[in-house]
1. What is the one condition in (1) crowded, with 16+ Cβ neighbours inside 10 Å; (2) in a strand (DSSP E or B) that Ala532 does not satisfy?
2. Can you tell me which residues in segment 426-441 are assigned to a loop (DSSP other than H, G, I, E, B) and either touching a strand residue (DSSP E or B) at 6+ places or on another chain (Cβ under 7 Å) or at pLDDT 90 or above (or both)?
3. Considering only residues that are open to solvent by 50 Å² or more (accessible area, probe 1.4 Å) and either within 21 Å of Leu63 (Cβ to Cβ) or modelled with pLDDT under 90 (or both), which ones fall in segment 151-180?
4. Please report, ordered by residue number, the helices (runs of 4 or more DSSP H) entirely within segment 536-614 with at least 3 residues that are more than 22 Å from Pro724 (Cα to Cα).
5. Got a number for residues in segment 478-508 being surrounded by 21 or more Cβ atoms within 10 Å (Cβ to Cβ) and in a loop (DSSP other than H, G, I, E, B)?
6. If you check Gln214 against the conditions, is it open to solvent by 10 Å² or more (accessible area, probe 1.4 Å) and part of a strand (DSSP E or B)?
7. Being crowded, with 20+ Cβ neighbours inside 10 Å and either under 26 Å from Ala513 (Cα atoms) or free of Cβ contacts under 8 Å to residues at least 12 places away in the same chain (or both) is the filter here, so list the residues in segment 46-72 that pass it.
8. Here's a check for you: in segment 693-733, which residue that is open to solvent by 50 Å² or more (accessible area, probe 1.4 Å) and outside any loop (DSSP other than H, G, I, E, B) is modelled with the lowest pLDDT?
Amino acid sequence: METPVLLLLLSLGVLCPPATSSSQDLSYVSEMFSQSPQRLSFFNWYGNVRLFQFQVPDDAVLLRWLLQASRGKGDGCEDVEITVHFRYGAPPVVNPLGYSFAPNTSVPFSFTQTMRFRNTMQSNLYLNVSNPTPGDWFVAAHLPKDTEKIEIQGLTKSCTYVFQPELFVLREVDVPILQANVPMQQVLESIKNPVRYKLFVPEYTRELQIQLLQCSSNGSGCPLLVTVGSVTRPDSSAHHVNCSVGGSCVVVLQSPPWEKWLNVLVEKPQWLNSSVSFQLLYNVSVCKPGSVGSRTFLSFLNMFSTSNNSTLLRDGQQPSPTTTPLPSESPASCMRKYPVIREDLDVVSVRFHPVTTPSVPVVAQLPIVVLLDLNSEMDSGGILVVSLQFNKTGATSLNSTVVACLSPAAPVLSLDLRQNCTTAFSQGYSFNLSEETKSGTHNIPYPVTDRWYLSMQIICPDNDSTCQQQTSRVIVTAYLSPCLEDCGPYGECRLLRRNGYLYAACSCKAGWAGWSCTDDRNALSVGQQLTATLLLTLSNLMFVPTIFVAIYHLYFVEAAVYTYTMFFSTFYHACDQPGVTVMCIMDYDTLQFCDFFGSVVAIWVTILCMARLRKFIKYVLFMLGTLVIAMSMQLDRRGIWNMLGPCLFALILLVIAWTTRGVRRRRCYPPSWQRWVFFLLPGVALALTAISVYVFAETNANYYYTHSLWHVMVAASVAFLLPPRERSKKSWEWSHLIDCGYKICQEDREELYVVT
């Protein structure tokens, strides 16, 4: 890792060397950020994505990501493609499989880079972002589509792909701060270094204007380029003005981001070697909020104060009559702010309520602005749902239309029917309510961490005085939820975590897919779900003949184990099914443990029964092996050695027992060729086929059929492999099974004789 890091540091020094002589004393500081590497997964849902979060400091002029990927050695490692997504302000919303989103879902943009292994063990990629926006930047990486092959731990080979991003930041310190309406004089010398400034945009700024004055360069006009703002992706651009074109050098920004710092960059063309002097000036147009929201909020406070006045006063103290003056409408008002209450419900779960009624009054004179504060880092990991609907009791003109815009950082104050919800640096989301369309909804997954504004206004036809005096009431429903409608009936909303950052995603089932499990192109119908459930559950009935065979041969302990395995395998698969055909008689985790545990114990007792050990040795091994298997299941339920370990140990005991008998008797054991041809060889063939299907053929797509075949083959193989009844035991009679009477049983006499 040292070589790429050293090369990157050297490249930073080459790209941005410190200035030796300039009209502005530039000072650069470099910083490096890194996060621990993560193992990549093939993509099936968002939980397979590996997420990284970086905090870009203020005054950053250059970001350079070093993306490092490595893979393991072995036959299972192939030249795959790693997809890396970048986004500012929130995690990237990825859709590599091309599934459809839920209706009314607006997908935020994120830019993508790909990395390939070309017969190498490592792959490196550099990515530069100049003039970046400070704040949270997210990097997400994943492998191509999952093959859906069911891998068994410790048995199937899988390649390890590891990804690690490192971020190098170049900052310019001591950047001059512009003051409103105060020109700043500057001279750009012949050296090519640009000049940077920053300015603060106060709240309620409607328009920001930046201009260059008294610009001269040896009589050649003003050959300067002015850039305002920062970028959130490499292919995006801030506002640029070429002062040499058109004769004016003015940048006008409508609805700039409120309470944010903006960067201003002034630079010369490469061909100009002479110095340029200029003055930089900016001013803002303030939009004072109207009184509708203030009056509503003050009325709410007065009502709250009156209802709780008795609990706030001391005993015997009388409230003094006071009046709260309501602010008057200012002639300079260009908006009316309607207050809402933010209610935090749970992790990544917020609901917004208007202070009095669910509906908000909308007029034609000024836009009504509603603030949806999502400025916390914990608010970007869910889905923002904003729905507007006409109040049925409110009057609505046939000729009027309510236009609304939802935008981050600043509200849209110039609304029109073109639905151009654009602020200075972002594109918002538009609504259009009319007699034909009485409602509108926008679902925004992973909204940018910021203060969001909803602007609403009635747009009237020309010279329609009735519409100008009208007030429409719009019901505003706004909330932040981990998942849209809890991922529906065919999905599960899961909360994910990365280095303290929490975000949610949907895990779909029953063939459903998509961001909110709404894509049904590969979905299983109810009939297919029922068929799959019946296959996986009824295939366990193959154990019924095996149980009767065990009872017929007087193997009652083995029959009890097979009954236990059949019961819990049946109800585990009935509970494990996706979709609507689900039945759980107890906790899912308990059913899963009992199913896995019963399967291994059934194999354990079957092989020991085939070994024909002495009774007390066999039952001691039964109990001891069961306890060890239970312990291993608790440690690692899906480990391959949970099944392979007991099977190998039991097979070793079987080989020793059969070899000993064969040597002692000087003939092959079992001695009967019919036993080999009609029982042992078919049983072994069925068992090997079942193992091959289980290990090599099972996928998520054919799981219902292959695993049902596994149930049938395993149960059938056990019926063939169980040894016949011991010769010393008589036929199946209750009198022999329950009581031997006053006589010593023949089998016991033989065992005592052998021991003595």
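1. Condition not satisfied by Ala532: (2).
2. Within segment 426-441, the first condition is being assigned to a loop (DSSP other than H, G, I, E, B), and the residues that meet it are 426, 428, 434-438.
Passing the criteria: Ser426, Gly428, Ser434, Lys438.
3. Scanning segment 151-180 gives Glu151, Gln153, Gly154, Leu155, Lys157, Ser158, Thr160, Arg171, Asp174.
4. Working: elements: 543-552, 556-575, 588-611.
Passing ranges, in order: 556-575, 588-611.
5. 3
6. The answer is yes for Gln214.
7. Residues satisfying the conditions are Tyr46, Val49, Arg50, Leu51, Phe52.
8. Top of the filtered list is Phe696.
The values are calculated or read from the model by the stated rules, or taken from the named source; none is laboratory data. These numbers come from a predicted model, not from an experiment. In this analysis, Cβ positions are derived from the backbone assuming ideal geometry, glycine residues included, and neighbour counts consider all displayed protein chains. Keep in mind that these areas ignore ligands, DNA and RNA; they rest on the heavy atoms of the full protein, side chains included. Shrake-Rupley method; radii C 1.70, N 1.55, O 1.52, S 1.80 Å.
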